[in-house]
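K.L.:
I have a structure I would like to understand better, so I am pasting it below and will then ask my questions one at a time.
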Protein chains: 2
Amino acid sequence: MLGASASAAALVGLGSWKSAFAQDARPLPGYAAWKDAGSMIVHSPNTIELRRGAMGDGAITPARQLYVRNNLTPPSADILKDSDAWTVQVDGVRRPRAFTLAELRGMSTETVTMVLQCSGNGRGMFPSKPAGTPWQVGAAGCVMWTGVPLRELVRALGGADAEAKFLTGTGGEVIPAGIDPRTRVERSVPIAALSDALLAWELNGQPIPLAHGGPVRLVVPGFTGVNSVKYVKRIALTADESDSSIQQTDYRMSAPDAKAMNPADPSVWQMPPKSWINSPLPEGGGLRAGAVTIKGVAFGGTNAVRQVEVSTDGGASWKVATLVGPDLGRFAWREFAATVDLAAGSHQLASRVTDVKGRTQPEARVENKAGYLNTSWRDHAVTVTVA
Amino acid sequence: MLGASASAAALVGLGSWKSAFAQDARPLPGYAAWKDAGSMIVHSPNTIELRRGAMGDGAITPARQLYVRNNLTPPSADILKDSDAWTVQVDGVRRPRAFTLAELRGMSTETVTMVLQCSGNGRGMFPSKPAGTPWQVGAAGCVMWTGVPLRELVRALGGADAEAKFLTGTGGEVIPAGIDPRTRVERSVPIAALSDALLAWELNGQPIPLAHGGPVRLVVPGFTGVNSVKYVKRIALTADESDSSIQQTDYRMSAPDAKAMNPADPSVWQMPPKSWINSPLPEGGGLRAGAVTIKGVAFGGTNAVRQVEVSTDGGASWKVATLVGPDLGRFAWREFAATVDLAAGSHQLASRVTDVKGRTQPEARVENKAGYLNTSWRDHAVTVTVA
């Protein structure tokens with residue numbers, strides 16, 4: 001058991017890294033060395049987030065600023081060398097078969113713009129300090145994925161098995177001998193997700209980098225990042241959820257005082273509505289009394305955004321913000337802006353989003369053992385000082 | 001006069017470059033060295049296009065694959081070092097003033113997705129072989145620009161001067177002493193363009209690189225690239241068109257046999273509807289008889305796309321294609337796909353777009369002296385061989 005644990009530590013890349021933890025700024029790991037170092041916070045080799053102040057003014061997050069969260073060490077970059085030969089097996093359909101990426105490229109493609117967000121984004125704002133990476137807001141981005149709609153593949157293969165209830169994707173990470181095979185990255189989502197899911201090979205118009213799951217990634221719009229399986233080797237329409245530990249005992253909304261994650265608790269799947277302010281921020285400084293434009297991003301998870309409100313008095317009163325920038329579909333985020341008048345002094349700025357189904361971002365987080373799905377507007381508020 | 005001409009040659013970077021012209025693959029110039037060399041065709045240091053086969057499957061063209069066309073050698077990259085201090089003077093309004101980029105950043109922003117296309121894209125398909133870069137299809141891309149709407153700036157400054165009929169932008173290129181100042185990059189477009197134009201500082205969510213006009217570019221959606229002035233130093237709402245040579249005697253739709261460009265001929269401003277096929281291409285090879293998916297891009301210039309048709313028999317018959325991927329607004333291109341059945345043999349594949357105003361891409365190009373605005377579907381057809 002100890003041996004397996006040590007091997008697991010090696011697998012997730014905790015070996016030589018620990019010494020670097022003492023340093024102030026950790027270096028980007030090799031597979032993500034092409035990221036914009038000045039914009040990123042490196043928590044560990046497998047957990048890298050974007051600084052809140054570096055989110056920019058655009059609707060799309062550039063790949064070099066997109067967060068990274070790997071549950072296992074990525075496969076060798078060699079898998080990108082002959083990407084056309086990468087195969088994805090499709091099971092749980094009438095006529096199972098494998099497709100090479102070259103074959104997928106020849107089919108009609110779709111592009112979906114979506115918020116990719118780690119299940120634990122905002123965990124660092126839980127006062128309970130749950131175990132896991134203390135993400136702030138930057139384990140999220142809005143990106144464009146291009147590939148083949150999974151529903152079309154399934155249709156071409158004669159449809160799903162009658163008893164299928166889940167869409168299950170299996171990642172291509174190498175599980176060393178002696179490691180429990182349930183360590184594999186394999187996630188199941190409700191089969192309804194089939195209508196939006198892609199087998200994607202482009203991220204923002206470029207081949208998907210290794211750090212983000214290339215050559216082929218299963219993309220499940222509206223769901224947290226873990227459900228979009230990287231280096232996907234197999235898709236199956238299954239009667240049951242995967243028996244992998246990442247499905248059964250991780251990513252569950254278990255009670256804060258639970259001794260362990262319970263497979264009976266709700267799985268972390270769809271994202272609830274969320275917004276946050278990216279400008280002004282306390283670290284920006286230089287605010288002078290008068291008109292100040294508050295800017296941020298807002299999304300409904302699976303639904304489009306209806307409205308964003310901002311508050312300059314810690315939630316005592318609210319004002320409707322303007323949605324700016326393009327509407328890139330219901331899975332994308334919207335940028336918002338509101339010009340307010342701020343007097344000298346300290347002000348708590350907050351934002352809250354309401355989606356088209358009428359769901360409003362709540363004041364309180366949903367307490368849970370692992371610190372998932374923090375959407376509290378109070379936690380995401382910022383206090384700025386005006387001279 | 002000869003001296004001025006030689007200096008002008010130096011200004012446009014034709015000095016040491018000529019020797020490189022003899023080589024097969026010319027190197028990317030330093031300011032564009034970050035481009036994806038394998039995807040680009042380097043015509044000259046100031047004219048670089050994207051290969052037709054490298055356009056990919058995404059709706060957005062990554063910056064590293066975006067064509068470059070500079071009318072003058074770009075300014076020093078030093079202008080990006082303290083980009084916040086870059087100033088843009090706004091004249092021709094009730095209260096003229098200069099804005100620093102830092103000030104612009106604090107305002108409410110917009111993002112526009114648009115086709116950026118060189119006026120001469122497709123010139124290489126004119127049998128008359130007009131002077132100028134023989135662009136094929138790759139002097140075009142679909143990109144997202146983020147910045148401040150110019151109409152808001154003008155409103156904040158009290159509105160346009162009563163006699164203003166044009167929006168005139170001036171580039172920040174350095175014009176050496178002794179060179180005719182009319183050599184400057186200064187373009188005027190009809191003032192109606194004010195409703196869509198931006199002062200932009202982000203391209204696809206990243207600061208605009210020098211090669212594309214950073215730190216600030218005037219972006220005029222729906223107009224050819226030359227009208228979106230790079231390194232913009234001044235915006236003016238003017239009663240007359242600029243007296244610059246790039247306005248007066250270049251970029252005019254003059255008759256093929258005209259001795260010189262005539263300022264009385266129509267200026268190259270708005271883009272007409274256009275489409276082309278990116279896959280399959282003759283150079284791709286490997287086509288086998290049976291179902292083949294034809295893919296390409298289509299845009300209406302200033303109007304949204306209503307419909308794209310494809311032909312597999314050189315235009316004798318047409319079939320409606322499916323618009324795939326996201327609708328990113330009326331200035332963006334749409335991707336299209338049509339799965340057709342091809343027998344063994346040779347097939348001429350063509351596409352033509354119709355915009356929502358009912359304008360259909362024509363079979364014939366509009367002949368003109370400088371080879372501008374080639375939208376001929378016949379010229380853009382490709383002939384593929386099926387085994």
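The values are calculated or read from the model by the stated rules, or taken from the named source; none is laboratory data. Source: prediction; values computed, not measured. Cβ sites come from the backbone with ideal geometry, for glycine too, and all protein chains shown count toward neighbours. Ligands, DNA and RNA are stripped out before the accessible areas are found, and what is left, the full protein with its side chains, is counted by its heavy atoms. Shrake-Rupley method; radii C 1.70, N 1.55, O 1.52, S 1.80 Å.
K.L.:
For B:Leu323, place a label point 7 Å out from Cα along the Cα→Cβ vector, do the same in each other copy, and report the separations in nm, one decimal, smallest first.
P.N.:
1.9
K.L.:
Right, another one. What's the Kirkwood radius of region B:207-346 in Å, using all Cα pairs?
P.N.:
Value: 18.5 Å, from the Cα pair sum.
K.L.:
Give the relative contact order (percent, whole number) for chain A; include only Cα pairs under 8 Å separated by 6+ residues. List each step's numbers first, then the result.
P.N.:
Values: 954 pairs, mean separation 60.2, N = 387.
Reported relative contact order: 16 percent.
K.L.:
A further question follows. Return the value, in Å² to the nearest 100, of accessible area buried between chains A and B (probe 1.4 Å, both sides summed).
P.N.:
Using a 1.4 Å probe, the pair buries roughly 2200 Å².
K.L.:
A follow-up question, please. Determine the equivalent ellipsoid of region B:90-149 by diagonalising the alpha-carbon gyration tensor, then write out the semi-axes as square roots of 5 times the eigenvalues, largest first, rounded to whole Å.
P.N.:
Whole-Å semi-axes of the equivalent ellipsoid: 36, 16, 8.
K.L.:
Tell me, Kirkwood radius of the protein assembly as shown from alpha-carbon pair distances, in Å?
P.N.:
Numbers: mean 1/r = 0.0359 Å⁻¹.
Kirkwood hydrodynamic radius for the protein assembly as shown: 27.9 Å.
K.L.:
Follow-up question, since we're still on this one. If I take the Cα coordinates of region A:275-377 and project them onto the principal axes, what are the three extents in Å, biggest first?
P.N.:
39, 35, 23
K.L.:
Rg and Dmax in Å for region B:107-246, alpha carbons only: what are they?
P.N.:
15.7, 50
K.L.:
With a sphere of radius 13 Å drawn around the Cβ of A:Lys357, what net charge do the other residues whose Cβ falls strictly inside it have (Lys, Arg +1; Asp, Glu -1)? Present the calculation step by step, with values, prior to reporting the outcome.
P.N.:
Numbers: positive: A:Arg306, A:Arg330, A:Arg359; negative: A:Asp355.
Taking every other residue near A:Lys357 into account, the sum is +2.
K.L.:
Which whole-number percent gives the relative contact order of region B:206-249, counting Cα pairs below 8 Å spaced six or more residues apart? Kindly include the intermediate steps, with their values, before the conclusion.
P.N.:
On the way: 33 pairs, mean separation 11.8, N = 44.
Value for region B:206-249: 27 percent.
K.L.:
Normalized C-alpha radius of gyration of region A:2-248, against 2.2 N^0.38 Å?
P.N.:
Scaled against compact globular proteins, the figure is 1.00.
K.L.:
Defining the label point at 7 Å along Cα→Cβ, can you sort the distances from A:Arg155 to the same site in each other copy, shortest first, in nm?
P.N.:
Inter-copy label distances (nm, one decimal, shortest first): 4.3.
K.L.:
Ok, one more. Looking at region B:186-261 from every direction and averaging, what is the projected area of its Cα convex hull in nm²? All intermediate terms of the calculation are to be shown ahead of the outcome.
P.N.:
Values: hull surface 24.5 nm².
Result: a mean projected hull area of 6.1 nm².
K.L.:
If you take every DSSP beta bridge whose two residues both sit in chain B, what share of them, in percent to the nearest 5, is antiparallel?
P.N.:
Around 95 percent antiparallel, to the nearest 5.
K.L.:
If you rank B:His347, A:His212 by how much accessible surface each has, with a 1.4 Å probe, what is the order from largest down?
P.N.:
Sorted by accessible area, descending: B:His347, A:His212.
K.L.:
Okay, next question. If each of B:Arg288 and B:Glu363 carries a label point 7 Å out from its Cα toward its Cβ, how far apart are those two points in nm?
P.N.:
Taking the two extended label points, one gets 3.6 nm.
K.L.:
Would you please give the FRET efficiency between B:Leu281 and A:Arg151, computed as 1/(1 + (r/R0)^6) with r the Cβ-Cβ distance and R0 = 30 Å, to the nearest 0.05?
P.N.:
For B:Leu281 and A:Arg151, the calculated efficiency is 0.60.
K.L.:
Something else: State log₁₀ I(q)/I(0) for region A:141-187 at q = 0.17, 0.26, 0.33 Å⁻¹ as given by the Debye formula over alpha-carbon point scatterers of equal weight, solvent excluded.
P.N.:
Taking Cα atoms of region A:141-187 as identical point scatterers yields -0.80, -1.00, -1.19.
K.L.:
Let me ask you something else. State the Cα centre-to-centre distance between region A:37-62 and region B:148-212 in whole Å.
P.N.:
Answer, in whole Å: 31.
K.L.:
Could you do me a favour and compute the accessible area per residue for chain A, 1.4 Å probe, result in Å²?
P.N.:
On the way: 14970 Å² over 387 residues.
Heavy-atom SASA per residue in chain A reads 39 Å².
K.L.:
At 222 nm, what helix-only mean residue ellipticity would the protein assembly as shown give, in deg cm²/dmol to the nearest 500, using -39500 (n - 2.57) for each DSSP H run of four or more?
P.N.:
-2000 deg cm²/dmol
K.L.:
Same structure again: Would you kindly work out, in nm and rounded to one decimal, the distances from the label point of A:Val356 to those of the same position in each other copy, ordered shortest first, with label points 7 Å along Cα-to-Cβ?
P.N.:
Its label point is 1.6 nm from the equivalent points in the other copies.
K.L.:
With a Förster radius of 45 Å, plug the Cβ-Cβ distance of B:Ala264 and A:Ala77 into 1/(1 + (r/R0)^6) and report the FRET value to the nearest 0.05.
P.N.:
Plugging the Cβ-Cβ distance into 1/(1 + (r/R0)^6) gives 0.15.
K.L.:
Additional query: In Å and from the alpha-carbon atoms only, list the Rg and Dmax of region A:112-190.
P.N.:
Computed over the Cα atoms of region A:112-190, radius of gyration and Dmax are 17.4, 50 Å.
K.L.:
Which FRET efficiency, nearest 0.05, do A:Ser317 and A:Asp240 yield, Cβ-Cβ r, R0 60 Å?
P.N.:
With a Förster radius of 60 Å, E is 0.75.
K.L.:
Please compute, over every Cα-Cα pair in region B:182-226, the percentage with a separation greater than 14 angstrom.
P.N.:
55
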